[in-house]
Amino acid sequence: MKKGFILLLIIIAFLTHCTNKTAPGREPNYMRMADSEMRRNPESWMIDFQDKIKWNYTHGLEMQAFIQVSEKTGDEQYFTYAENYADTMINDDGAIQTYRLERYNIDHINPGKMLFPIYEKTANPKYLKALQLLRSQMETHPRISNGGFWHKQIYPHQVWLDGLYMACPFLAEYGKTFNEPALFDEVALQLTTAYQDLIDEETGLLYHGWDESREQRWADPVTGRSPHFWSRSIGWYMMALVDVLEYMPADHPQREEIIAILHRIATAVEKYRDPETGMWYQVTNLTEREGNYLESSGSIMFIYSWVKGAQKGYLPETFAGKGATAYDQFVERFIRENGDGTISVTDVCSVAGLGGEKNYRDGSFSYYISEPVRNDDPKAVGPFIMVSILLDK
């Protein structure tokens, strides 16, 4: 009787292990996705469907994820894959190919994040010079009247949620790494003023963009805000919050304000989950409107922010469970097993923006659902790898 009871406990423990961890003989999702990406893109500059080298925020996002896989597994091939991109793009004098400071494109700051661990590991001075070059852009980057950064030189007087992720975690890590504490005040200013400019008090969601000048056709003539809530833009902002908090000093006077903002948005987005799949729609709040669709990059960014926020203590512990459940739902809905043994993430909005010269983007519902949808876009791949590491799945 006693032996039978012990055997039963062993069986239960084994089944629990198989349920909570990767199945025996199968690599975790973060390795499977990284391996799949390397197979699809033999050279790291090829990701994001590129046929020529480009200094791009999507490369920075995914290469950060690869470095984290290397740190998690101890396998150098993932670090080498990321470092090869940096080495390809950055000259010995620190100049960055295809980058022009005078364009004041805030997207181009994001790839700088991968340079912190690369420089720390290689001690190659060209990476330090490139970090300093990117930092110098933000010293003279144009601003709206409350100090918020313009999204780009070609988008004057405009703050977009995307840009908060592109610049703020970089500046916070730079401030911590190179002892520039004024940068913590800077990122706090950026995050809090953007929240004030873009928050919709009724829903708790943030609009995609704000035009202080009210000159853009997409801007409300009274509020200056764009007309809709785009899930990925809210996801960018949420990731900016949790990533900045990782570097901001515990005694910073605005730290608690940033945590409170994160909590409010994390709570607000939960109300707009699809009840069947647990995922989120391209246009966040219009869940039943014809043409709207479940979109993977915004969904995984929300999940990343929930999981990391809870693990770091910024969010209540309940968000850890919600995030883990949502992750499993994400895998069920968006991760596809391919015949060649690779895996893909599906249903990614390729791009969305506001304004522009050639094809004006008016911020309407019809605009957001009109942009192409594709698989294996880095804007979903990168966060999926990162949150898979957080959950060890």
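The values are calculated or read from the model by the stated rules, or taken from the named source; none is laboratory data. These numbers come from a predicted model, not from an experiment. Heads up, the Cβs are rebuilt from the backbone with ideal geometry, glycines too, and the neighbour counts pull from every protein chain shown.
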Residue satisfying condition, being closer than 23 Å to Y174 by Cβ, surrounded by fewer than 20 Cβ atoms within 10 Å (Cβ to Cβ) and out of contact with any Phe, Trp or Tyr (no Cβ under 8 Å at 6 or more places or on another chain), within set E288, E212, E256, E270: E256
Answer residue from the stretch 151-182, given it is crowded, with 20+ Cβ neighbours inside 10 Å and among the acidic types (D, E) and is farthest from F229 (Cα to Cα) among those: E173
Search result, residues across the stretch 159-182 that are part of a loop (DSSP other than H, G, I, E, B) and either aromatic (F, W, Y) or modelled with pLDDT under 95 (or both): F178
Among the residues listed as A310, A352, the single one being on the phi < 0 side of the Ramachandran plot, part of a loop (DSSP other than H, G, I, E, B) and modelled with pLDDT of 95 or more: A352
Pairs with Cβ under 9 Å, 6+ apart, first in the stretch 61-72 and farther than 18 Å from I109 by Cα and without any contact (Cβ under 8 Å) to a residue 40 or more places away in the chain, second part of a helix (DSSP H, G or I) and polar (S, T, N, Q): S70/Q77; S70/T80
Residues located in the stretch 197-227, provided they are touching a residue at least 12 places away in the same chain (Cβ under 8 Å) and within 20 Å of L262 (Cα to Cα): D197, L198, D200, T203, G204, L205, L206, Y207, H208, G209, W210
One residue from I6, I53 being at pLDDT 50 or above and of a type in the set (A, V, I, L, M, F, W, C): I53
Hits in the stretch 211-241 - residues which are within 19 Å of I369 (Cβ to Cβ), in a loop (DSSP other than H, G, I, E, B) and polar (S, T, N, Q): S226
Failed item in (1) farther than 20 Å from E37 by Cα; (2) within 19 Å of the chain's Cα centre (by Cα); (3) assigned to a helix (DSSP H, G or I), with L315 passing the rest: (3)
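Yes or no, residue by residue, for (1) touching a strand residue (DSSP E or B) at 6+ places or on another chain (Cβ under 8 Å); (2) of a type in the set (D, E, K, R); (3) buried (at least 24 other Cβ atoms within 10 Å of the Cβ); (4) modelled with pLDDT of 95 or more:
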{"residue": "G94", "(1), (2), (3), (4)": "no, no, no, yes"}
{"residue": "Y99", "(1), (2), (3), (4)": "no, no, no, yes"}
{"residue": "N110", "(1), (2), (3), (4)": "no, no, yes, yes"}
{"residue": "E139", "(1), (2), (3), (4)": "no, yes, no, yes"}
{"residue": "F149", "(1), (2), (3), (4)": "yes, no, yes, yes"}
Members of the stretch 349-361 found to be surrounded by fewer than 16 Cβ atoms within 10 Å (Cβ to Cβ) and over 19 Å from the mean Cα position of the chain (by Cα), listed by number: G356, E357, K358, N359, Y360
The stretch 187-215: number of residues that are farther than 17 Å from Q158 by Cα and either over 20 Å from the mean Cα position of the chain (by Cα) or small (G, A, S) (or both): 6
Flag if D185 is surrounded by 20 or more Cβ atoms within 10 Å (Cβ to Cβ), out of contact with any strand residue (DSSP E or B) (no Cβ under 6 Å at 6 or more places or on another chain) and assigned to a helix (DSSP H, G or I): no
Qualifying positions in the stretch 242-281 - β-branched (V, I, T) and not in a helix (DSSP H, G or I): T277
Near pairs, Cβ below 9 angstrom, 6+ apart or cross-chain, from the stretch 301-312 (more than 13 Å from I234 (Cβ to Cβ) and without any contact (Cβ under 8 Å) to a residue 12 or more places away in the chain) to any residue that is part of a helix (DSSP H, G or I) and charged (D, E, K, R): none
Which listed residue is in contact (Cβ under 8 Å) with a residue 40 or more places away in the chain, within 18 Å of Q64 (Cα to Cα) and among the β-branched types (V, I, T), from T98, T88: T88
